[in-house]
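Here's the structure we're looking at; comments come further down.
The values are calculated or read from the model by the stated rules, or taken from the named source; none is laboratory data. Since the model is a prediction, treat every value here as computed from it, not as a measurement. Backbone-built Cβ (ideal geometry, glycine too); neighbour counts: all protein chains shown.
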Amino acid sequence: MEKQLLRFLVNDQEYELFINPKTLLVEALRDHLGFAGAKRGCDTASCGVCTVMVNGMAVKGCSVLAVQVNGMNITTVEGLEKDGKLDPVQAAFLDEGAFQCGFCTSGMIMSARAFLNETPAPKDTMEIRRGIEGNLCRCTGYNSIVRAIDAVAKGKYREGA
């Protein structure tokens, strides 16, 4: 199979890859570009550990071919931090202890960031839970994750703070 030229932005930096058309987005990010935040988990789009944002929307990198995002803007968990400052969601996850083993954390953070971009003031914790329902965590029981997202929504964490 002939490789295809792929051009896209990852974390606001331009990249070009010659890639097999069957390469998954998560593989392109991890194996070809070195962005290790998005991980391979279930490979069925069920667990969410591969979640990244494409043009601001949360997508599961195991369910998207890299060639499908040609010309688009991809954000990984590594791209949330700006000028040495964590994104409010990242800071809240740290402060609220919203992780244990850490395997799901990057995907959960990306889903939370996309959710808050779309719904900056969720009505309640049930809306937050629905907003991240495509991501699985086997360790935390979700309470600390929901608490972290709620804290960001309520303004406890600000951009660049």
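Counting the residues of the stretch 20-34 that are farther than 13 Å from VAL64 by Cβ and either in contact with a Leu (Cβ under 7 Å, 6 or more places away or on another chain) or not small (Gly, Ala, Ser) (or both) gives 5. Every condition in (1) of a type in the set (Asp, Glu); (2) on the phi < 0 side of the Ramachandran plot; (3) without any contact (Cβ under 8 Å) to a residue 40 or more places away in the chain holds for ASP43 except the one numbered (2). Filter the stretch 70-86 for residues that are under 15 Å from the mean Cα position of the chain (by Cα) and either surrounded by 23 or more Cβ atoms within 10 Å (Cβ to Cβ) or of a type in the set (S, T, N, Q) (or both); which is farthest from GLY131 (Cα to Cα)? Taking the candidates together, the pick is ASN73. Of everything listed in (1) part of a loop (DSSP other than H, G, I, E, B); (2) over 15 Å from the mean Cα position of the chain (by Cα), the single unmet condition for VAL67 is (1).
Considering every residue within the stretch 23-45, establish whether at least one is over 20 Å from ASN135 (Cβ atoms) and surrounded by 20 or more Cβ atoms within 10 Å (Cβ to Cβ). Yes; the residues of the stretch 23-45 include at least one that is over 20 Å from ASN135 (Cβ atoms) and surrounded by 20 or more Cβ atoms within 10 Å (Cβ to Cβ). Consider ALA98 carefully, then state whether it is small (Gly, Ala, Ser), crowded, with 21+ Cβ neighbours inside 10 Å and part of a loop (DSSP other than H, G, I, E, B). Considered against the rule, which asks whether it is small (Gly, Ala, Ser), crowded, with 21+ Cβ neighbours inside 10 Å and part of a loop (DSSP other than H, G, I, E, B), ALA98 comes out as yes.
Among ALA38, ALA112, which is the only one that is closer than 26 Å to GLU159 by Cα, under 14 Å from the mean Cα position of the chain (by Cα) and modelled with pLDDT under 95? The match here is ALA38.
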